[in-house]
Structures are given as structure tokens and as C-alpha cells.
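Everything below concerns the one structure shown next.
Here, each number is a calculation from the coordinates, and none is a lab measurement. Source: prediction; values computed, not measured. Glycine gets a Cβ as well: all are built from the backbone with ideal geometry, and neighbour counts include every protein chain shown.
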Ligand SMILES: C[S@@+](CC[C@H](N)C(=O)[O-])C[C@H]1O[C@@H](n2cnc3c(N)ncnc32)[C@H](O)[C@@H]1O
């Protein structure tokens, strides 16, 4: 990790992902989480205030030390136990079938081998366990997609490898998840190429 990725990007992510418009989306993504939860791309803990009471333990996976440091205030203000157990969603240090639910918010865009990360989430989820997600990705409209393809190389450079064109629902089904709920929409207040959101719940089949 270079200086920008270590010392600058986590602060930018904390501000950009911390925008008010995301609060209701975090609430919706976290609704129904329960038991042992693995959260990939924990960032600066912006989901912590949104965890439902039924969550008993969160296993946080986040490569950026500064993100984890920025999360400390939110963690102190919460009664949910959260432990940072790993740095990479592509290789989760958790046993098979050990988590009830999983959470990913605006992270599948960035993990280099997203298919590997989704395989790992499936491995650690109990049969019938659910992945709760809100992610930006490939837009439903061709015109917006053209802009996304044009800007993706720049986005990847300035935003820590963030892709604009990942087809979120297809990635989930390719990884063997069944999609139980899916809402695809443009988030208000952001340019459409960045704001094509997929929010829902995917089930890891029995
Ligand atoms: C756009 S941020 C979203 C952060 C957080 N989920 C949120 O909603 O505020 C993407 C996060 O994914 C993390 N990340 C990057 N590569 C990762 C990997 N291989 N495994 C897990 N997380 C990763 C980044 O450090 C960053 O915190």
C-alpha cells in the first residue's frame, strides 16, 4: 500500500461514504442482520450505528489501518462487539458455516478478485445465511454505461481500485447466491455513473 492508499484514501472514503444521503441506504442494508456477522470492507465503521440489536458479533475485514482507527469513536459508542479479524475479503480467516449473516456496503467495487471474495462469503455463511448489500455498479442505462466505461480507468486510479462497471446482481448469482431482494436505482445527489445502486439480500443456498 502506498502513502496515498494508507494515509489519504481512508479519510476521503470516510467523508464520501459518510454523506447523509447514504444513511437510509445503510439502514436498509443492515435491516435483518443477526447473530454472527462478517462485514467485508469495514472501512471507518460507518455501518456500526446501523447494526440491529439482533447482531451479537461482527467480524470486520478491512485492509486500511487508518480506516480501522477512524472507526474507534463509532465502536466506543456501540454495544455491539466488533473484532477486526482480517485484511482481505478474498481470504477470510473464519471457519466454514460460521456466520449467520454478512454485510458489504460499497465494497464489491474495490476488491480485486470479487468472485473470490464472494466465494469466501459463501463458504463462511451457514446454509441459508444471507449477504446484505448495497453496492454501486454497472448502470441500467446504456448512455450511463458508456460514461462509466470511459471514466473507469481514472476512477480506479484515484479511488483505490474502485470499478464503475461491475454487474452486482450477476456477480452474486455467478457466485451461487440466490437473490431474495433487489432494488436497483440511482442514488440522488450524485452523478449517475457513480450512483447506480443495487441494494438487497442474497441467500447462500442450503
Ligand atoms: C468505498 S469503501 C466502503 C467502506 C465501507 N464499507 C462503507 O460503507 O463506508 C471500500 C472499502 O473496501 C476496502 N477494501 C479494499 N480492498 C479490500 C479487500 N481486498 N478486502 C476487503 N476490503 C477491501 C477499502 O479499504 C475500503 O474501506
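Dimensions of the chain along the principal axes, based on C-alpha atoms and rounded to the nearest Å, stand at 43, 38, 29, largest first.
Annotation: for a label point projected 7 angstrom from Cα along Cα→Cβ of residue 97, residues of segment 105-148 with backbone N closer than 13 Å are 123-129. With each label modelled as a point 7 angstrom along the Cα→C-beta vector, the residue 119-residue 192 pair spans 3.6 nm.
Here the label points at residue 20 and residue 1, each 7 Å from Cα along the C-beta direction, are separated by 3.1 nm in the simple model. Hey, what did the chain get for relative contact order, percent, Cα under 8 Å, at least 6 apart? That works out to 19 percent. At full extension, residue 150 and residue 31 could sit 39.3 nm farther apart than now, given 0.36 nm per residue minus the alpha carbon distance. For segment 140-178 versus segment 1-64, the spacing of their alpha-carbon centroids is 20 Å. Counting beta carbons within 10 Å around each of 121, 82, 203 and listing the fewest first gives the order 203, 82, 121. The helix-only estimate of mean residue ellipticity at 222 nm for the chain, built from DSSP H runs of length n ≥ 4 each weighted as -39500 (n - 2.57), is -8500 deg cm²/dmol after division by the residue total. Volume per residue for segment 1-85 equals 81 cubic angstrom (convex hull of Cα atoms).
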